[in-house]
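Undergrad: Take this structure first; my questions come after.
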Amino acid sequence: MAVKTNGFVVPEELMKLLLSLASSWGDLIDTNMLKVVHLNGAMTNEVYRISWPTKTDNDTTTRTVLVRIYGEGAELFFNREEEIRTFECISKHGQGPRLLGLFPEGRVEEFIYAKTLSAGDLRDVEVSALVAAKLREFHNLDMPGPKNVVLWNTMRHWLNEAKSLCSFEIAEEFRLDTLEEEILLLEKELSRDDQEVAFCHNDLQYGNIMMNEETRSITLIDYEYASYNPVAYDLANHFCEMAANYHTETPHVLDYSVYPGLEERRRFVHKYLCYAGNQPSDNEVEQLMDDAEKHTLANHLFWGLWGIISSYVNHIDFDYMEYARQRFQQFWLRKPELLGTTRCSFD
């Protein structure tokens, strides 16, 4: 039987799973004592913190888990079974929360007692250095399966999905009929035999980065979009996300006036390349910075297509279409500068 608490209806299968987990830990759950808190900032799934009191010999404490309710239409973006396998594998590497259990509508994860970063935290020099070092460590993970770049084929697949969902007017506004050519151009321009390809997070917004304030250790969470890609693409994604603040009254609005400047990007890239005592040359730093800037174009197309599709299939309170519009505007604005091509306006 489903339980309603704090305005949230706990699905029956989730309640069974929570009771089973509690039993395995020696807890007794009083459903009237469940506390549910919705965690803002997620745009693919709905995320909740669920806790209940537990009694020990001498005290009453609180047990807390994180519950992820899968977003509608998420299967269009990634294979959920593969994502769960990735989650479990990363967990075994000691890089994130443990998977505690699955139910039809979602899953239960270990709750990490750490601070989720804010948009402002990304600009803190010390915090940014910690994130850069952690990202290098993440890229060093040896994950099972093919180690080929998946970015370009993913975008082609999403383009086809967007075309199938869009009205003629939207398809024309976003020039979807031209994007196959744009994706091919980027693939040719940005692919190099000597580029480093690694297991990338691909969604390095501040809400997916946590920090233990005592130990200053960083944890990257939420691996729905993780896959093998050029490391320059992951750095580009992180830089692009600095234009976002998903905890305002207009979370979809991006402010590219605060995109990190040259020195901020150089500092991040240098710290990234200094991982494990490495001493990069100036040329190595400049090359990766240049590659990352060019890969911002791929990021804009990737998340622009994501926004278009999400506007049709996801009912989270977020203006996906306007978000997509801003990403495409940036693509057309930056393309001439970064690739030396003729500028084309986006109306």
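The values are calculated or read from the model by the stated rules, or taken from the named source; none is laboratory data. Here the structure is a predicted model, which means the values were calculated and not measured. Reconstructed Cβ throughout: ideal geometry from the backbone, glycine too, with neighbour counts over all protein chains shown. Side chains are part of the model used for accessible areas, which takes the heavy atoms of the whole protein and leaves out ligands, DNA and RNA. Shrake-Rupley method; radii C 1.70, N 1.55, O 1.52, S 1.80 Å.
Undergrad: When only Cα pairs under 8 Å and 6 or more residues apart are kept, what is the percent relative contact order across the chain?
TA: 16 percent
Undergrad: Hey, if you put +1 on the Cβ of every Lys and Arg and -1 on every Asp and Glu Cβ in the chain, which of 283, 106, 226 ends up farthest toward the positive end of that dipole?
TA: With unit charges placed on the Cβ atoms, the residue in question is 106.
Undergrad: Here is a further query. At a 1.4 Å probe radius, which order do 123, 325 fall into by accessible area, largest first?
TA: 123, 325
Undergrad: Restricting the calculation to Cα positions, tell me the Rg (one decimal) and the Dmax (whole number) of the chain in Å.
TA: 21.1, 72
Undergrad: Mind ranking 31-38, 274-281 by how tightly packed they are, going by the mean number of other C-beta atoms within 10 angstrom, highest first?
TA: Ranking, from highest mean packing down: 31-38, 274-281.
Undergrad: Would you work out which of 215, 204, 257 lies farthest towards the positive end of the dipole of the range 139-280, given +1 charges on the beta-carbon of Lys and Arg and -1 on that of Asp and Glu, about the Cα centre?
TA: Checked the options; the winner is 215.
Undergrad: Given Cβ point charges of +1 (Lys, Arg) and -1 (Asp, Glu) and nothing else, what value in debye, to the nearest 20, does the dipole of the range 36-102 about its Cα centre take?
TA: 220 debye
Undergrad: Then there's this: Put +1 on the Cβ of each Lys and Arg and -1 on the Cβ of each Asp and Glu in the range 31-188; which of 31, 132, 60 then has its Cα farthest toward the positive end of the dipole?
TA: 60
Undergrad: Moving to a separate point now. With a cut-off of at most 13 other beta carbons within 10 Å, and DSSP calling the residue loop, which chymotrypsin sites (Phe, Trp or Tyr not before Pro) in the range 67-165 qualify? Please list them.
TA: Sites meeting the loop and neighbour criteria: 113.
Undergrad: How much length is gained if the chain between residue 250 and residue 196 is pulled fully straight, taking 0.36 nm per residue apart and subtracting their Cα-Cα distance, in nm to one decimal?
TA: Separation in residues times 0.36 nm, less the Cα-Cα distance, equals 15.8 nm.
Undergrad: Continuing with the same structure: Expected output is a single nm value to one decimal: the length gained when fully extending between residue 213 and residue 279, i.e. 0.36 nm times separation in residues minus the C-alpha distance. What is it?
TA: Gain on extension, residue 213 to residue 279, equals 21.0 nm.
Undergrad: Further, regarding this structure: What whole-number distance in Å separates the alpha-carbon centres of the range 31-105 and the range 234-280?
TA: So the separation of the two Cα centres works out to 27 Å.
Undergrad: Here is a further query. Counting only helical runs of four or more DSSP H residues, what would the 222 nm mean residue ellipticity of the chain come to if each run contributes -39,500 (n - 2.57) and the total is spread over all its residues?
TA: Mean residue ellipticity at 222 nm (helix-derived): -14500 deg cm²/dmol.
Undergrad: Ok, one more. Among all helices in the chain defined by DSSP H, which have a length of 20 Å or more along the axis from Cα atoms plus a Kyte-Doolittle mean of at least -1.0?
TA: Passing helices, by number: 125-139, 151-165, 176-190, 282-313, 320-339.
Undergrad: Still on this structure, I have one more. Relative to the present Cα-Cα distance, how much length would full extension add between residue 121 and residue 148 at 0.36 nm per residue of separation?
TA: Residue separation times 0.36 nm, minus the Cα-Cα distance, leaves 6.5 nm.
Undergrad: Now a separate question. At residue 130 and residue 178, where each label point lies 7 Å from the Cα along Cα→Cβ, what is the point-to-point distance in nanometres?
TA: Each label point is offset 7 Å from its Cα along the Cβ direction, giving 4.4 nm.
Undergrad: Shifting gears a bit: Collect residues whose amide H, placed 1.01 Å from N in the peptide plane, falls under 5 Å from the amide H of residue 101; neighbours closer than 5 in sequence don't count.
TA: Amide H neighbours of residue 101: 108.
Undergrad: For the range 191-290, which semi-axes, largest first and in whole Å, follow from the square roots of 5 times the eigenvalues of its Cα gyration tensor?
TA: Over the Cα atoms of the range 191-290, the semi-axes work out to 24, 17, 16 Å.
Undergrad: Same structure again: Could you tell me the calculated FRET efficiency between residue 88 and residue 263, based on Cβ-Cβ distance and R0 = 30 angstrom, to the nearest 0.05?
TA: 0.15
Undergrad: Apply the Karplus parameterisation 6.51 cos²θ - 1.76 cosθ + 1.60, with θ equal to phi minus 60°, to every residue of the range 243-248 and state each ³J(HN,Hα) to the nearest whole Hz, in sequence, with x for glycine and proline.
TA: 8, 10, 9, 8, 10, 10
Undergrad: Could you calculate the FRET efficiency of residue 189 with residue 99 from 1/(1 + (r/R0)^6), where r is the beta carbon distance between them and R0 is 35 Å, rounded to 0.05?
TA: The calculated FRET efficiency here is 0.35.
Undergrad: Cα centroid distance between the range 175-229 and the range 299-322, in Å?
TA: 17 Å
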